[in-house]
Each structure stands twice: as C-alpha cells, then as structure tokens.
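The values are calculated or read from the model by the stated rules, or taken from the named source; none is laboratory data. Everything numeric here is computed off the predicted structure, so don't read it as measured data. Cβ sites come from the backbone with ideal geometry, for glycine too, and all protein chains shown count toward neighbours. Remember, those area values only see protein heavy atoms, side chains included, never the ligands or the DNA or RNA. Shrake-Rupley method; radii C 1.70, N 1.55, O 1.52, S 1.80 Å.
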Amino acid sequence: QVQLVESGGGLVQAGDSLRLSCAFSGRTFSSYIMAWFRQAPGKEREFVAAIRWSGGTQSYAASVKGRFTIARDNAKNTVDLQMNSLKPEDTAVYYCAADTTGYGRSRLEYAYWGQGIQVTVSS
C-alpha cells in the first residue's frame, strides 16, 4: 500500500519561500507519477504541479508557473515542491498525490493521497 507523508508547511509572509516535501513508501517510487494539489477554504482541490517517473518532465498550473518548482529524488523516494514569491492566495492545504499513470490535472487521476499540510501566507 502506498503511503505519502507531507512535511514542511507553515506560516510565512508574502514574498517568502517555503519547501514542501513528500515521503513515499510502500511501492516502487520510480513507477509513480507524483503531483501536488492544494485546497483553499471553501474551494475545490486544484492541481498545482506534476512530475513524471524519471523527473524529466514537469507540469504546472498557470497560477504557480515560474514561482514553484517540483522535483523528485528517486533514490530517496521523495518529491519536493519549492515555492518562491509566495502570495496570500497560495494559502491552502497542500496535498501530495501519486499514481502509476495519468500525469493529468484532475484529482480523479490520482489514486493515492497524503493527509495534507497547511501553508499560510500572510500579507
């Protein structure tokens, strides 16, 4: 069974940086496409970024492109989300997700999810 555990969240000010990490266990990490989603209060869970098995291809939501970077380490079974130039509208619970296929932007394409971690950006 795949298990995902997020870490690194917290409270920061607008313009600051934060790095989220997701630890993967239970299966062969390099066989899984990894993604980050987020959900703000009262809103739908939305796609943030995804990365393919080898890490050579990434995909980003328009709202974070140029500010966020997704990266994976297949030796350490981790996927990180480096978030720079944070804005108050980035405030949300961030979720790590995994699946063996897809590489899509719909939450329905990912079978495995972490518990989520809070990121709060103050203005």
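Computed values, structure above
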item	result
HN-Hα J in Hz across segment 88-99 - Karplus 6.51, -1.76, 1.60, θ = phi - 60°, x for Gly and Pro	x, 6, 7, 4, 4, 8, 9, 10, 8, 9, 8, 7
Separation of the Ser54 and Ala14 label points, Cα + 7 Å toward Cβ, nm	4.2 nm
Using θ = phi - 60° and Karplus 6.51 cos²θ - 1.76 cosθ + 1.60, couplings along segment 74-84 (whole Hz; Gly, Pro as x)	6, 7, 9, 6, 10, 10, 10, 10, 8, 10, 10
Inter-centroid distance (Cα atoms) of segment 78-105 relative to segment 1-73, Å	3 Å
Percent carbon-and-sulfur accessible area, the chain, ignoring ligands, DNA and RNA, probe 1.4 Å	46 percent
Length gained when the stretch Glu44-Ala62 is fully extended (0.36 nm per residue, less Cα-Cα span)	4.8 nm
Whole-number D in µm² s⁻¹ for the chain, Kirkwood Cα-pair radius fed into Stokes-Einstein, 20 °C, 1.002 mPa s	152 µm²/s
Paramagnetic reach from Lys76 (point 7 Å along Cα→Cβ, amide N under 16 Å) across segment 12-34	18-25, 29-30
Per DSSP, loop trypsin sites (Lys or Arg not before Pro) in segment 1-84 with at most 10 further Cβ within 10 Å	Lys43
The chain: relative contact order in percent, alpha carbon pairs under 8 Å with at least 6 residues between	35 percent
Nearby lysines by direct alpha-carbon distance to Lys65 (threshold 23 angstrom, same-chain neighbours under 8 apart not counted)	Lys43, Lys87
